[in-house]
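Before any comments, here is the structure.
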Amino acid sequence: MGKAAMLRAVAAALLTGCLATPSHAAQNQDPDWPCIQRKVPELSPAQIWNGPELPATAADWSKDTDIPELVRELAARRVPIAKAEKEIRDFAAALPKDKAGEQLAKLFQGLFDHMNSERSQVMSGIGRYARNQVLLAERLRKEGSEVDALSAKPDADHAAVARLTDRLVFETRIFEERVQSLTYVCEVPTLIEQRLYALAKVVAEEMKKGQ
């Protein structure tokens, strides 16, 4: 097997590894979804919230003077979860008793809306990333076939074949690195969901204290 053919085989193997298997694709009902994690495009509050019933005013969280900035701070994954949980408790402790329930409800709704939207955007990006990988793998296979055909000619320009092969090696390496990156990116929606659940739990605990 020539080097170009070998690279095509590598690309094919990597592509198989980075895309969902038929059974997994069927489970997700999305053949473009490349992750082991099950695809759930959007979350519902009922999946996350176990606190008191939220008042209708919770939907107005974005109009509040304090909540939007706090939501952005708590949602940021650069902020350690323990620090974020402490910020929620400090926020709750500073609230007047007659406003605590409403403000904490707004905080949960804000966290849910913000982080659910962020999670959906990440998942859309993963789908685009996977489709680009499919296109890249197809191009690598095509270029590999062309290099094989060129090198098989009796009057082949060996210098040109070497240049094309080197480029194919480089592009295959990029493909492989992107496959590895995809493995890590696939974990991000789950990390967002886990963080949202942890923060919602603290908000619910603080709301229950005031009842």
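Each value in this text was obtained by applying a stated rule to the coordinates, not by laboratory testing. Note that this is a predicted model, so its numbers are computed, not measured. Here the Cβ positions follow ideal geometry from the backbone for every residue, glycine too, while neighbour counts run over all protein chains shown.
When ranked by the protection proxy of mean other Cβ atoms within 10 Å per residue, highest first, what sequence do the peptides 178-186, 140-148 form?
Highest mean packing first, the order is 140-148, 178-186.
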Next item on the list: Could you work out how far apart the two model spin labels at residue 122 and residue 184 are, taking each label as a point 7 Å from the Cα in the direction of the beta carbon, and quote it in nm?
Entry: 1.3
Notebook entry, point to check: Do the alpha carbons of any pairs in 39/63; 39/208; 63/201 sit beyond 27 Å of each other, and which pairs?
Noted result: 39/63; 39/208
Check: Which of 198, 41, 162 sits closest to the plus end of the dipole of the chain, meaning its Cα is farthest towards the positive end, when Lys and Arg get +1 and Asp and Glu get -1 on the C-beta?
Finding: 162
Notebook entry, point to check: What FRET efficiency do you get for residue 65 and residue 42 if R0 is 30 Å and r is their Cβ-Cβ distance, rounded to the nearest 0.05?
Noted result: 0.60
Item checked: Potential extension, residue 50-residue 201 segment - 0.36 nm per residue separation minus Cα distance -> 53.6 nm
Notebook entry, point to check: Straight-line reach from residue 153: which lysines have Cα under 19 Å away, leaving out those fewer than 8 places along the same chain?
Noted result: 3, 142
Item checked: Gain upon complete extension [residue 131, residue 79; 0.36 nm per residue less C-alpha separation] -> 15.5 nm
Note to self: Take residue 139 and residue 98, extend 7 Å from each Cα along the Cα→Cβ direction, and tell me the distance between the two endpoints in nm.
What the structure shows: 6.5
Check: Running Debye on the range 104-207 with equal point scatterers at the Cα sites and no solvent, what base-10 log of I(q)/I(0) appears at q = 0.11, 0.17, 0.24, 0.25 Å⁻¹?
Finding: -0.55, -0.84, -1.16, -1.21
Margin query: How big is the range 29-172 along each principal axis, measuring the range of its Cα positions in Å and listing the largest first?
Written below: 88, 31, 25
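Roughly speaking, what is the stretch gain from residue 32 to residue 194, that is 0.36 nm per residue apart minus the C-alpha to C-alpha distance, in nm to one decimal?
Gain on extension, residue 32 to residue 194, equals 55.9 nm.
Short version: what are the Cα gyration tensor semi-axes of the range 51-128, square root of 5 times each eigenvalue, largest first, in whole Å?
After diagonalising the Cα gyration tensor, the semi-axes are 24, 16, 10 Å.
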